[in-house]
1. How about region 3-24: which of its residues are surrounded by fewer than 15 Cβ atoms within 10 Å (Cβ to Cβ), at pLDDT 95 or above and β-branched (V, I, T)?
2. What about M60, is it in contact (Cβ under 8 Å) with a residue 40 or more places away in the chain, out of contact with any Ser or Thr (no Cβ under 6 Å at 6 or more places or on another chain) and either in a helix (DSSP H, G or I) or surrounded by fewer than 15 Cβ atoms within 10 Å (Cβ to Cβ) (or both)?
3. How many of the residues making up region 33-43 are surrounded by fewer than 16 Cβ atoms within 10 Å (Cβ to Cβ) and either in a helix (DSSP H, G or I) or not polar (S, T, N, Q) (or both)?
4. What's the number of the only condition in (1) open to solvent by 50 Å² or more (accessible area, probe 1.4 Å); (2) touching a Phe, Trp or Tyr at 6+ places or on another chain (Cβ under 9 Å); (3) β-branched (V, I, T) that V54 fails to meet?
5. Which ones in region 1-49 are acidic (D, E) and more than 30 Å from N68 (Cβ to Cβ)?
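The values are calculated or read from the model by the stated rules, or taken from the named source; none is laboratory data. As the structure is a computational prediction, the values presented were derived from the model and not from experiment. Glycine gets a Cβ as well: all are built from the backbone with ideal geometry, and neighbour counts include every protein chain shown. Keep in mind that these areas ignore ligands, DNA and RNA; they rest on the heavy atoms of the full protein, side chains included. Shrake-Rupley method; radii C 1.70, N 1.55, O 1.52, S 1.80 Å.
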Amino acid sequence: MGIFESIVKFASMGVMAWGAAYAITGLITFSEGHKQQSAPKKEEGMGSIVGGGVIFAVGMFLVPQILNLLQVS
């Protein structure tokens, strides 16, 4: 079961990295919209920040639970 735990750990890290990158991209978009006084760009950036945070949380809390679901006692 050691290799499966490693795979889930790396998958969790990958999902967290994806979420963080998405949130950072949203922060850049939000900042650009703020600079240009563009409400749609601000809204898009804020949506990406929140979405990236949700993806990060899924990688942190839900992906590791795969081990508990598949664990046979």
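1. Selection gives I24 alone.
2. Working: in contact (Cβ under 8 Å) with a residue 40 or more places away in the chain: yes; out of contact with any Ser or Thr (no Cβ under 6 Å at 6 or more places or on another chain): yes; either in a helix (DSSP H, G or I) or surrounded by fewer than 15 Cβ atoms within 10 Å (Cβ to Cβ) (or both): yes.
The answer is yes for M60.
3. Start the filter on region 33-43 by keeping residues that are surrounded by fewer than 16 Cβ atoms within 10 Å (Cβ to Cβ), which leaves 34-40, 43.
Cutting the leftovers down to either in a helix (DSSP H, G or I) or not polar (S, T, N, Q) (or both) gives us 34-36, 39-40, 43.
The total comes to 6.
4. Every condition holds for V54 apart from (2).
5. Selection gives E32, E43, E44.
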